[in-house]
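Enquirer: The structure that follows is given in the form of structure tokens.
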Amino acid sequence: MQGYGGSDDWIVMPLQSVTQWDSLAHIFYEGKMWNGYDANLVTSSGAAKNSIDKTTNKIVGRGVLLDVARYKGVRALEPGYAITVADLEGTAAAAKVEVKHGDILLVRTGHMSRYLDKKDWRHFDLDDFPGVSAHTAPWLHAREIAAIASDNYAVEVRPSEIAGFRNPFHVLAIPNMGLTLGEIFFLEDLAADCAADGRYAFLLVAPPLPVTRGVGTPINPYAIK
């Protein structure tokens, strides 16, 4: 090939299919989203309120890894296991880390490790999985946690603990608490590093892509010690 050349890319993908943050426009309750905005403000043109681009310079802070699977002495929690307040407090105590106001919690269940081990991601989103119990919401609210993320598909446990709600923790957290949720986080390397040096707190830098009116975006988070 002679002279000047170049190449470019074009991606078409769901914005919440990989490691990502949910915006506060992601879930509604009784026709409302966070801060009382009407759910009809989210249309095919995107979210007129609570869109993810409003947080592009805000999701950075003290991160805390709570490796619940390690605390329970297993590589991965059993599918359908609901992580309780006692589990969160016990994990923090064992790691000698204090959960503080404004923290970003990363909760490792080990769910992703199953699919990494078998090199087959089919049904990662459909299988039952361990996750945070809906009944931890008051504990998280009282501590004014800024965000919570996990290595499973939805942060919370599946199947649902509450009849009539597919994702009850989402309903409590996003439209009612204004809590940002992060899903499908790869935590294996971070967990190994924290276990090696005994430090479970770090600077977490995880800004979303500035997708205007987006309901969520992929991210490439960094834990800095």
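Enquirer: Taking all protein chains in place and a 1.4 Å probe, what share, in percent, of the accessible surface of the stretch 53-131 do carbon and sulfur account for? List each step's numbers first, then the result.
Expert: Numbers: 2080 of 3960 Å².
With neighbouring chains kept in place, the figure for the stretch 53-131 is 53 percent.
Enquirer: Only sites in a loop by DSSP and with at most 12 other Cβ atoms within 10 Å count here; which GluC sites (Glu not before Pro) in the stretch 135-225 make the cut? Intermediate results must be reported in sequence, preceding the final value.
Expert: Working: sites: 144, 156, 161, 183, 188; in loops: 144, 161.
For GluC sites (Glu not before Pro) across the stretch 135-225 that sit outside H, G, I, E and B with at most 12 neighbouring Cβ atoms in 10 Å, the list reads 144.
Enquirer: For the stretch 1-136, rounded, prolate or oblate, judged on the Cα gyration tensor with a ≥ b ≥ c (square roots of eigenvalues), a/c < 1.5 rounded, else prolate if a/b > b/c? Present the calculation step by step, with values, prior to reporting the outcome.
Expert: Working: a/c = 1.82, a/b = 1.28, b/c = 1.42.
Because a/c hits 1.5 or more and a/b fails to exceed b/c, the stretch 1-136 counts as oblate.
Enquirer: Can you work out the accessible area per residue across the stretch 1-67, with the rest of the protein chains kept in place, probe 1.4 Å, in square angstrom?
Expert: Working: 4400 Å² over 67 residues.
That works out to 66 Å² per residue.
Enquirer: Give the aspartates and glutamates whose C-alpha is closer than 13 Å to that of residue 100, dropping any in the same chain fewer than 8 places away, or say none.
Expert: Straight-distance partners of residue 100: 89, 144.
Enquirer: Could you work out the helix-only [θ] at 222 nm for the chain, with each DSSP H run of four or more residues adding -39,500 (n - 2.57) and the total divided by the number of residues, to the nearest 500 deg cm²/dmol? Can you show the working numbers first?
Expert: Working: 6 runs with 49 residues, N = 225.
Only helices count here, giving -6000 deg cm²/dmol.
Enquirer: Between residue 10 and residue 122, what is 0.36 nm times their sequence separation minus the Cα-Cα distance? Round to one decimal in nm.
Expert: Working: separation 112, 0.36 × 112 = 40.32 nm, distance 2.50 nm.
Full-extension gain reported as 37.8 nm.
Enquirer: Note down the net charge around residue 98, summing +1 for each Lys or Arg and -1 for each Asp or Glu among other residues with Cβ under 12 Å from its Cβ.
Expert: Details: positive: 62, 96, 100, 143; negative: 89, 103.
Result for the neighbourhood of residue 98: +2.
Enquirer: Pop the C-beta distance of residue 163 and residue 17 into the FRET formula with R0 = 22 Å and round what comes out to the nearest 0.05.
Expert: Values: r = 28 Å, r/R0 = 1.27.
Taking R0 as 22 Å, the efficiency between residue 163 and residue 17 is 0.20.
The values are calculated or read from the model by the stated rules, or taken from the named source; none is laboratory data. Here the structure is a predicted model, which means the values were calculated and not measured. No Cβ is skipped: glycine too gets one built from the backbone with ideal geometry, and neighbour counts run over all protein chains shown. With ligands, DNA and RNA removed, areas are computed over all heavy atoms of the protein, side chains included. Shrake-Rupley method; radii C 1.70, N 1.55, O 1.52, S 1.80 Å.
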